[in-house]
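Here the structure is laid out as structure tokens; the discussion comes afterwards.
Since every read-out is calculated from the coordinates, none of them should be taken as a lab result. Because the structure is a prediction, the values reported are computed rather than measured. All Cβ positions, even for glycine, are placed from backbone atoms using ideal geometry, and neighbour counts span all protein chains on display.
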Amino acid sequence: MPLRQSGDVAVRISELVLDAHDPERLADFWCDVLGWSVVDRRDHEIELGPADDARHPTLVLYRSTDTKRGKLRLHLDLRPTDGDFAGELARLHALGAVPADVGQGDVPWTVLADPEGNEFCLLHPLDGDVPTVRATDPG
């Protein structure tokens, strides 16, 4: 069988799977963080995804009793789409994210962990993103 040519790809990332002691709790957290909803439930897993894009990879929270050991080798990077890094960081903290130290040192992003200790990063907005005032801002 000949190898596919560059650009002739027949696969895409369908799901990212994250082991969870309590998939329900993590589903609540990640749905709030991403604005997603539960798209499927099975015996040992909950699948989350955006309601408006079935082609977007989903996040599957798979029930596991395994203990997390060390830093995740694959993690999510989030970026505020409205240009408001400080507002998004405050929102993530209010939802239950906590600061995490994975040995990152002095970096221009913030490393956080979800309620089960899974690391993810909040990146600063891209140059083209326009800061906005959130409805909860006093000014």
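The amide H of Glu15, built 1.01 Å from its N in the peptide plane, has Thr58 as neighbours under 5 Å, considering only residues 5 or more places off or on other chains. Pick from Pro57, Pro125, Pro108: which residue has the top mean-square fluctuation in a GNM of the chain where Cα pairs under 10 Å get a spring? Comparing Pro57, Pro125, Pro108 in the GNM, the peak value goes to Pro108. Result for the chain in a Gaussian network model with C-alpha springs under 10 Å: among Leu126, Leu61, Leu112, the largest mean-square fluctuation is at Leu126. Note the listed values (1) 243; (2) 189; (3) 94, then indicate which one is volume of the Cα convex hull per residue in Å³ calculated from this particular structure. From the options (1) 243; (2) 189; (3) 94, the structure gives (2). Relative to the dominant Cα principal axis of the chain, helix 23-34 is inclined by about 60°. Proximity of backbone amide H atoms, modeled 1.01 Å from N, is registered between Val39 and Glu47, Leu48, Gly49 at under 5 Å, excluding neighbours fewer than 5 places apart on the same chain. When you restrict to C-alpha pairs under 8 Å that are six or more residues apart and normalise by the size of the range 13-67, the relative contact order lands at 46 percent. A cut-off under 12 angstrom between Cβ atoms defines the neighbours of Thr67, and their net charge, with Lys, Arg +1 and Asp, Glu -1, is -1. Applying 1/(1 + (r/R0)^6) with R0 = 22 Å to the Cβ-Cβ distance of Arg12 and Leu34, what FRET efficiency is obtained, to the nearest 0.05? Efficiency, rounded to the nearest 0.05: 0.70. Here the contact order of the chain, divided by its residue count and restricted to Cα pairs under 8 Å and six or more residues apart, works out to 22 percent. A simple spin-label model places pseudo-atoms 7 Å from Cα toward Cβ; at Arg69 and His124 they are separated by 3.7 nm.
Shown in residue order for the range 59-74 are the 3J(HN,Hα) couplings computed by the Karplus curve 6.51 cos²θ - 1.76 cosθ + 1.60 at θ = phi - 60°: 10, 9, 9, 9, 4, 8, 9, 4, 8, 5, 10, x, 6, 5, 7, 10 Hz (x for Gly and Pro).
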